[in-house]
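Input: a single structure, listed below in structure tokens.
The values are calculated or read from the model by the stated rules, or taken from the named source; none is laboratory data. If you're wondering where the values come from, they're calculated on a predicted model, not measured in any experiment. Note: ideal-geometry Cβ built from the backbone for every residue, glycine included; neighbour counts use all protein chains shown. Side chains included, ligands, DNA and RNA excluded: accessible areas come from the protein's heavy atoms. Shrake-Rupley method; radii C 1.70, N 1.55, O 1.52, S 1.80 Å.
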Amino acid sequence: RKEKTAQGVRGGAASGSFGGRPKKSLGQNFLTDPNVARRIVASLGVEPGDAVLEIGPGRGALTGFLMVSGAGRVMALEKDRDLAPELPLRFPGLCVVNADAMRFAWDRLDRLPRVRVVGNLPYNVASPIMWDLAWLAQRFARAVFMVQLEVAERIVAVPRTGDYGGLSVWLQSFVTPAKLFKVGPNVFTPRPKVDSAVVAFTPRPVSERPREPGRLARFIKRIFSMRRKQLGRILGADLTPGAGDFLESQGLSPRCRPEELTPGQILLLMNAMGDA
Ligand code: SAM
């Protein structure tokens with residue numbers, strides 16, 4: 001263990017060989033191309049004094065650039081018990097929390113003035129991590145993530161397309177997402193079987209965000225669990241006359257399918273249903 005640390009420190013961050021063998025269970029595909037890392041960090045738009053939170057720093061491919069980005073403070077959340085203690089040795093000043101982003105109490109970020117969130121997210125947990133972070137969009141200035149290309153397509157998907165679903169509606173209710181660029185498998189070690197893409201999230205204005213996020217999450221899951229069915233059949237008696245009137249006002253009918261509604265229409269439909 002000691003030997004590994006010493007070797008790693010001597011090699012410096014660029015050698016990127018610390019923390020033992022990459023762990024498949026933690027979705028460890030480490031980025032090896034500094035140009036891609038630099039591009040990701042540049043797209044985060046760090047301003048002097050900002051706090052930055054990196055999810056899954058791994059061997060620090062992005063972290064090195066974050067440390068010289070002008071951020072007032074850089075924090076990282078790393079689940080790997082081997083990597084977490086080594087990161088502050090390589091990046092003095094970096095605050096590393098050895099924790100699972102899936103269980104992290106995001107309200108701990110409350111004390112920070114403005115946070116930018118970044119991560120080359122592990123493929124297996126990227127969607128749930130982004131789902132949870134959306135609740136807290138008001139605390140973020142901007143977020144930039146690398147995810148599997150297919151997930152990126154779902155995030156930015158528009159109604160009436162095959163990729164449009166619960167994840168698109170939920171995230172777009174809180175943030176405006178943009179697909180920035182595609183990344184091939186050759187810039188990672190080990191090489192993943194899929195393509196990746198970088199997506200950026202800009203929080204929506206507070207006035208446009210859902211007031212009852214818990215209820216909206218349940219509603220989205222309910223209607224998209226049966227996305228091919230007609231809304232009238234999915235909602236049954238819960239499709240109140242008020243909700244029917246709302247659909248009509250939008251040029252829609254109870255025979256339409258959930259995937260035909262924009263995130264804004266889904267929110268308004270839920271509100272029109274009253275307490276149903
Ligand atoms: N940022 C590094 C890079 O670009 O090379 C590593 C990216 S690798 C795809 C994902 C990283 O997330 C790994 O370091 C892994 O240990 C970490 N990780 C996996 N699951 C996690 C979780 N639930 N919470 C926090 N970190 C996690």
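Does Val125 meet the test of being closer than 18 Å to Lys179 by Cβ and either of a type in the set (A, V, I, L, M, F, W, C) or within 12 Å of the ligand (Cβ to nearest atom) (or both)? Give the steps one after another, and end with the answer.
Values: closer than 18 Å to Lys179 by Cβ: no; either of a type in the set (A, V, I, L, M, F, W, C) or within 12 Å of the ligand (Cβ to nearest atom) (or both): yes.
No; evaluated as a whole, the condition is false for this residue.
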**Request:** Return yes when Leu261 is farther than 27 Å from Val147 by Cβ and modelled with pLDDT of 95 or more and no when it is not.
**Result:** no
**Request:** Six or more apart or on different chains, Cβ under 7 Å: which pairs go from a residue in the range 20-39 that's in contact (Cβ under 8 Å) with a residue 12 or more places away in the chain to one that's among the charged types (D, E, K, R) and within 11 Å of the ligand (Cβ to nearest atom)? Could you list them?
**Result:** Gly20/Asp82; Lys23/Asp80; Leu26/Lys79; Leu26/Asp80; Phe30/Arg59
**Fill in**
Sole miss for Ala137 among (1) away from the ligand (no atom under 16 Å from the Cβ); (2) out of contact with any helix residue (DSSP H, G or I) (no Cβ under 6 Å at 6 or more places or on another chain) is condition (2)
**Asked** Residue check: is Pro88 within 24 Å of Leu31 (Cβ to Cβ), away from the ligand (no atom under 13 Å from the Cβ) and part of a loop (DSSP other than H, G, I, E, B)?
**Response** no
**Fill in**
Out of (1) open to solvent by 20 Å² or more (accessible area, probe 1.4 Å); (2) modelled with pLDDT under 95; (3) of a type outside the set (D, E, K, R), the one Ala137 does not meet is (1)
**Item:** Residue tally, condition within 9 Å of the ligand (Cβ to nearest atom) and open to solvent by 20 Å² or more (accessible area, probe 1.4 Å), over the range 67-81
**Value:** 1
**Matching option when the condition is crowded, with 21+ Cβ neighbours inside 10 Å, within 16 Å of Asn120 (Cα to Cα) and more than 8 Å from the ligand (Cβ to nearest atom), among Leu44, Leu62** = Leu44
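Would you confirm, using the coordinates I've provided, whether Leu53 is under 17 Å from Leu112 (Cβ atoms), in contact with a Ser or Thr (Cβ under 8 Å, 6 or more places away or on another chain) and more than 10 Å from the ligand (Cβ to nearest atom)? Reasoning before the result, please.
On the way: under 17 Å from Leu112 (Cβ atoms): yes; in contact with a Ser or Thr (Cβ under 8 Å, 6 or more places away or on another chain): no; more than 10 Å from the ligand (Cβ to nearest atom): yes.
Taking the combined requirement at face value, the residue does not satisfy it.
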**Prompt:** Between a first residue in the range 147-161 that is more than 16 Å from Asp195 (Cβ to Cβ) and open to solvent by less than 30 Å² (accessible area, probe 1.4 Å) and a second residue that is aromatic (Phe, Trp, Tyr) and not in a helix (DSSP H, G or I), which pairs have beta carbons less than 7 Å apart while being 6 or more apart in sequence or on different chains?
**Reply:** Ala157/Tyr164
